[in-house]
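K.L.:
Structure below; questions to follow.
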Amino acid sequence: WKITIAASTGEFKFRANNSWDINFGMGSSPGTLQLNSSSNIPLTTGSKTITLNLSNPLKYTYTIQ
């Protein structure tokens, strides 16, 4: 999944089915995701392309460019 947005400084998480039952926040390092993590993913102001990679089960990743 990929989206390009005009972002504001803040934080976000990836959620499944518009619910908080399944959500992914930052994992142990930037670019990694953790299921139901208490850590949000930081975002800075500007045009950002956010990519969510779900191709490797249990080792999901993301990039922000």
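K.L.:
Grab the other residues whose beta carbon is less than 15 angstrom from that of Phe14, score K and R as +1, D and E as -1, and report the net. Don't jump to the answer; show the numbers that get you there.
P.N.:
On the way: positive: Lys2, Lys13, Arg15, Lys48, Lys59; negative: Glu11, Asp21.
Spelling it out: positives minus negatives among the neighbours equals +3.
K.L.:
If you look at just the Cα atoms of the chain, how large are its Rg and its Dmax in Å?
P.N.:
11.3, 30
K.L.:
Right, next: May I ask you to derive the relative contact order of the chain, considering only C-alpha pairs under 8 Å and at least 6 residues apart, and to give it as an integer percent?
P.N.:
Working: 126 pairs, mean separation 23.3, N = 65.
Relative contact order, the chain: 36 percent.
K.L.:
Let me ask something additional. On the accessible surface of the chain, probed at 1.4 Å, how many percent belong to carbon and sulfur atoms?
P.N.:
On the way: 2440 of 4590 Å².
The value for the chain is 53 percent carbon and sulfur by accessible area.
The values are calculated or read from the model by the stated rules, or taken from the named source; none is laboratory data. Computed from a prediction, not measured in an experiment: that's the story for all the values here. Every residue, glycine among them, receives a Cβ derived from its backbone with ideal geometry; neighbour counts consider all protein chains shown. SASA here: full protein model, heavy atoms, side chains in, ligands and nucleic acids out. Shrake-Rupley method; radii C 1.70, N 1.55, O 1.52, S 1.80 Å.
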